[in-house]
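The values are calculated or read from the model by the stated rules, or taken from the named source; none is laboratory data. These numbers were taken from a predicted model, which means no experiment stands behind them. All Cβ positions, glycine included, derive from the backbone under ideal geometry; neighbour counts span all protein chains shown.
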Amino acid sequence: MDSIEPSSLQSGERTPSCPQKGLLQPSDSSELVQECLQQFKVTKAQLQQIQASLLGSMEQALMGEVSPTSGVQMLPTYVESTPHGNEQGNFVVLELGASGASLRVLWVTLTGIKGQKVEPKSQDFVIPQEVVLGTGQQSTLISWTKGFRCSGVEGQDVVQLLRDAIQRQGAYNIDVVAVVNDTVGTMMACEPGAGPCEISLLVDTGTNACYMEEARHVAVLDEDRGRTCISVEWGSFSHDGALGPVLTSFDHALDHASLNPGAQRFEKMIGGLYLGELVRLVLVYLAQNRVLFGGYTSPALLSQGSILLEHVIEMEDPSTGLAYVHTILQDLGLSPKASDAELVQCVCAAVCSRAAQLCAAALAAVLSRLQRSREQQKLQIAVATGGRVLERHPRFHSILQEMVKLLASECDVSFIPSVDGGGRGVAMVTAVAARLANHRRLLEETLAPFRLSHEQLAAVQTQMREAMDKGLRREPSSLRMLPTYVRATPDGSERGDFLALDLGGTNFRVLLVRVAEGGVQIINQVYSIPECVAQGSGQQLFDHIVDCIVDFQEKQGLRGQSLPLGFTFSFPCKQLGLDQGILLNWTKGFNASDCEGQDVVFLLREAIRRRQAVELNVVAIVNDTVGTMMSCGYEDPQCEMGLIVGTGTNACYMEELRNVAGVAGDSGHMCINMEWGAFGDDGSLGMLSTCFDSRVDQASINPGKQRFEKMISGMYLGEIVRHILLNLTSLGVLFRGQQTQCLQTRDIFKTKFLSEIESDSLALRQVRAILEDLGLTLTLDDALIVLEVCQAVSRRAAQLCGAGVAAVVEKIRENRDLDELTVSVGVDGTLYKMHPHFARLVAATVRELAPRCVVTFLQSEDGSGKGAALVTAVACRLAQMARV
Ligand code: 0WK
Ligand code: BGC
């Protein structure tokens with residue numbers, strides 16, 4: 001079992017020539033020295049065992065199962081962010097117990113300007129022993145350590161005790177904002193440039209570490225987002241299986257004589273309060289065994305605590321250490337020989353090397369925890385270090401670094417000595433808490449208009465219903481309620497081959513649809529509509545469409561065949577018949593000239609005519625909502641509504657013909673294309689519209705139009721988010737207030753980003769990836785805020801959409817005078833299909849607003865092209881029947 005010899009001594013540095021097997025001393029005494037120092041040797045396997053057990057204990061405690069005997073505490077500190085570097089303000093800081101029985105009061109000024117530091121003003125107060133051990137009088141003290149023993153404090157909220165004391169004094173108006181563990185202060189004092197430091201390690205009087213854990217892993221917090229700083233409190237780690245083999249008789253003796261026997265076993269092997277005592281106990285042992293000081297033990301040597309940390313640090317100094325050994329031993333009433341002094345140095349080295357190695361094993365456990373918690377094999381991280389042992393012991397830091405490299409080889413760890421963790425760090429915690437609170441307030445104010453209440457949604461439902469009724473009666477309304485001349489959903493008897501076109505969504509598709517006994521077969525080809533064509537001349541657009549049809553016919557060997565064609569044209573058209581539709585206005589980024597007010601079927605036929613040698617029989621023009629309803633209706637006859645939430649949004653449904661003004665007939669049904677994208681164009685949505693909606697509308701090619709669509713659909717949600725992010729950046733809430741060129745770029749924040757970001761709301765990897773691709777550097781807080789903005793915008797969109805569906809299904813229910821309606825809705829559109837929560841939120845809103853309707857949402861598999869073909873097939877069947 002090879003113990004690890006730290007090679008952390010630089011070459012040429014003088015090493016205390018600690019006795020090896022059979023060297024300096026007469027055989028039995030050197031055996032005894034060997035056996036004594038051997039006890040402090042720890043093997044790699046033992047350190048790995050400690051690392052693994054401590055990790056196990058940490059994860060157990062995170063799940064809320066703190067083992068009373070061996071456990072680390074894993075205490076949430078409610079610090080949820082690390083400094084951004086722009087924190088500022090003046091703070092009073094109290095520092096208790098960092099280095100023994102002292103209290104330090106500081107006045108700390110944070111300038112918020114990088115590199116501009118104001119030296120804290122401070123004063124130290126020694127706490128009289130009778131106070132340390134006397135009566136004490138929200139952050140509940142679990143147990144005293146490090147020599148403190150005040151009564152009436154353990155189990156109490158120390159902030160309240162402090163507030164009570166301030167009140168008792170009655171002189172000051174001090175608002176106690178935060179109580180912070182020194183490790184947290186050390187982490188927070190780290191210069192943001194260096195880190196951010198997300199781990200902090202302290203070895204001073206005591207020892208402990210804290211680190212930024214994923215909040216969702218901390219059971220007591222019941223949080224699923226962000227990170228939170230956990231104070232490990234590893235001082236109380238005492239896993240027999242792991243620590244047992246490395247605990248020496250001296251450790252047991254020290255513990256036995258301590259103020260808290262059995263507690264803080266791990267701390268008692270590492271902390272500065274104990275290292276000197278361990279050395280003293282070994283020296284006493286060796287002296288009593290006549291190996292040291294000729295067997296003489298002075299009263300001072302025999303008295304507990306007579307060798308302090310400072311003594312050990314001085315005695316280990318590579319250049320002046322030996323001289324110090326003599327001085328210190330003489331101060332203890334001893335007259336050491338040179339060999340004694342050397343052996344004393346060896347004892348110091350043995351005790352401190354072990355402490356550094358144990359500390360390294362503990363830190364390696366925290367690193368392993370972070371690798372797991374962030375699912376990162378390769379971890380690059382900065383560790384803030386503080387405390388007299390780490391700052392001043394000549395070899396502790398290097399042994400620690402070396403051992404961490406060995407035990408956590410996949411981690412690239414940089415150690416950042418923290419300057420004034422107690423003062424600046426604590427002020428920073430308070431400043432960060434204030435920053436987070438302020439940002440939270442600004443974020444809530446910004447997003448509040450997006451959080452729609454039940455009453456607001458019910459109002460939208462009512463207004464939509466009123467607009468529907470007006471539109472059907474051909475009264476002024478923002479809902480045109482366009483008759484589609486589709487009177488029936490398919491009955492399954494349709495047969496034949498049909499061509500179909502699908503224009504208006506993300507893709508333009510040409511389809512060959514075979515409707516047969518066994519079902520429907522579809523062959524389709526996606527073609528692009530370049531922006532210059534979509535916004536060019538109408539002739540160019542329709543010629544392009546015919547080019548695609550011809551290309552498709554060639555590829556499918558259909559040249560010269562004149563199949564009946566159904567045209568899904570996803571724009572508002574006033575239909576005069578199944579094959580006649582006057583385009584009322586373009587939407588969704590289309591703006592081809594000479595089309596609005598024209599019969600689209602005529603424009604297509606003209607283009608076919610221009611192309612010569614092409615024969616196409618355009619039978620029907622349908623809106624994509626109608627195509628979607630028909631397509632789903634083919635599988636489910638209860639499907640009487642079509643919904644699109646894609647680039648644009650719209651809905652259609654089967655209305656009672658008697659309710660449709662301007663269309664002959666009082667019985668039967670007619671499918672109505674609501675064109676609900678234009679809902680609110682009369683200003684009726686003004687109460688819900690935010691400044692961000694106005695900015696998006698103003699920047700669009702159809703300002704003032706399609707207001708409902710611009711709050712819901714894929715073409716606009718990304719832009720709304722972008723404007724909110726710009727606003728939050730200007731408020732300093734995001735990206736440290738740094739505006740970046742890329743975020744000023746229109747349409748750079750795609751709506752699909754919302755779906756990606758919200759589908760990974762736990763790990764936030766998507767937010768990082770997307771924003772870094774946009775050239776933004778972001779903190780975890782930024783990522784959380786961007787996620788919250790995306791969620792607020794998409795949630796509002798889904799709820800508004802749900803309010804619309806509720807208005808429609810309630811209309812159908814009332815049309816049929818039913819107590820309860822069961823109906824299906826055929827749905828299509830990238831946003832609805834790709835967003836992780838959209839569909840669920842729409843359904844939930846419909847259940848809330850239309851409780852007497854049982855609504856099933858059917859996601860259309862084949863798109864509305866199939867629907868267009870089915871409408872064509874129904875038309876052909878009806879025409880066939882009319883001919884016989
Ligand atoms: C697929 C349909 C098409 C419709 C589109 C809407 O086949 O008719 O226009 O969905 O979704 P988008 O492609 O705009 O996301
Ligand atoms: C159009 C509708 C279409 C919807 C979904 C809207 O912009 O006006 O006709 O149904 O987008 O594609």
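Okay, here's what the table says:
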| quantity | calculated |
| --- | --- |
| Selection from the stretch 694-704 of residues that are buried (at least 17 other Cβ atoms within 10 Å of the Cβ) and within 16 Å of ligand 2 (Cβ to nearest atom) | V696, D697, S700, N702 |
| Filtered residues of the stretch 368-394 (kept if surrounded by fewer than 23 Cβ atoms within 10 Å (Cβ to Cβ), within 21 Å of C190 (Cα to Cα) and not acidic (D, E)) | L370, L379, Q380, I381, A382, R388, R392 |
| Residues located in the stretch 517-551, provided they are among the charged types (D, E, K, R) and out of contact with any helix residue (DSSP H, G or I) (no Cβ under 9 Å at 6 or more places or on another chain) | E517, E531, D551 |
| Top-ranked residue in the stretch 490-546 [being surrounded by fewer than 20 Cβ atoms within 10 Å (Cβ to Cβ) and acidic (D, E); ranked as nearest to ligand 2 (Cβ to nearest atom)] | E531 |
| Unmet requirement for D682, which otherwise passes all of (1) closer than 19 Å to V808 by Cα; (2) more than 16 Å from ligand 1 (Cβ to nearest atom) | (1) |
| Within the stretch 631-646, considering residues that are farther than 19 Å from R816 by Cα and modelled with pLDDT of 95 or more, the one surrounded by the fewest Cβ atoms within 10 Å (Cβ to Cβ) | G646 |
| Residues being more than 41 Å from the chain's Cα centre (by Cα) and not in a strand (DSSP E or B) - total across the stretch 600-629 | 17 |
| The stretch 491-508, residues that are closer than 19 Å to G577 by Cβ and away from ligand 1 (no atom under 14 Å from the Cβ) | F498 |
| Residue in the stretch 141-158 that is under 21 Å from V203 (Cα atoms), of a type outside the set (F, W, Y) and at pLDDT 80 or above present | no |
| Those residues of the stretch 391-420 which are part of a loop (DSSP other than H, G, I, E, B) and within 17 Å of S200 (Cβ to Cβ), in sequence order | A408, S418, V419, D420 |
| Selection from the stretch 40-92 of residues that are of a type in the set (V, I, T) and under 18 Å from G422 (Cα atoms) | T77, V79, T82, V92 |
| Number of the condition not met by E656 [criteria: (1) farther than 17 Å from V486 by Cα; (2) in contact with a strand residue (DSSP E or B) (Cβ under 9 Å, 6 or more places away or on another chain)] | (1) |
| Condition check for E635: within 16 Å of ligand 1 (Cβ to nearest atom) and either in a loop (DSSP other than H, G, I, E, B) or within 15 Å of W586 (Cα to Cα) (or both) | yes |
| Enumeration of residues in the stretch 509-536 that are of a type outside the set (A, V, I, L, M, F, W, C), away from ligand 1 (no atom under 15 Å from the Cβ) and farther than 24 Å from G677 by Cβ | R514, E517, G518, G519, Q521 |
| Condition met for E709 (within 16 Å of ligand 1 (Cβ to nearest atom), on the phi > 0 side of the Ramachandran plot and among the acidic types (D, E)) | no |
| Whichever residue in the stretch 707-738 is assigned to a loop (DSSP other than H, G, I, E, B) and within 17 Å of Q799 (Cα to Cα) and, among such residues, is farthest from ligand 2 (Cβ to nearest atom) | R707 |
| Of the criteria (1) within 16 Å of ligand 1 (Cβ to nearest atom); (2) touching a Ser or Thr at 6+ places or on another chain (Cβ under 9 Å); (3) assigned to a helix (DSSP H, G or I); (4) of a type outside the set (V, I, T), which one A807 fails | (1) |
| Residue in the stretch 359-382 that is of a type in the set (D, E, K, R), over 26 Å from L784 (Cα atoms) and assigned by the TED database to the domain that holds L54 present | no |
| Residue under evaluation I230, criteria (1) more than 24 Å from V179 (Cα to Cα); (2) buried (at least 18 other Cβ atoms within 10 Å of the Cβ), criterion not met | (1) |
| Residue check for L578: at pLDDT below 90, hydrophobic (A, V, I, L, M, F, W, C) and either touching a helix residue (DSSP H, G or I) at 6+ places or on another chain (Cβ under 6 Å) or within 12 Å of ligand 2 (Cβ to nearest atom) (or both) | yes |
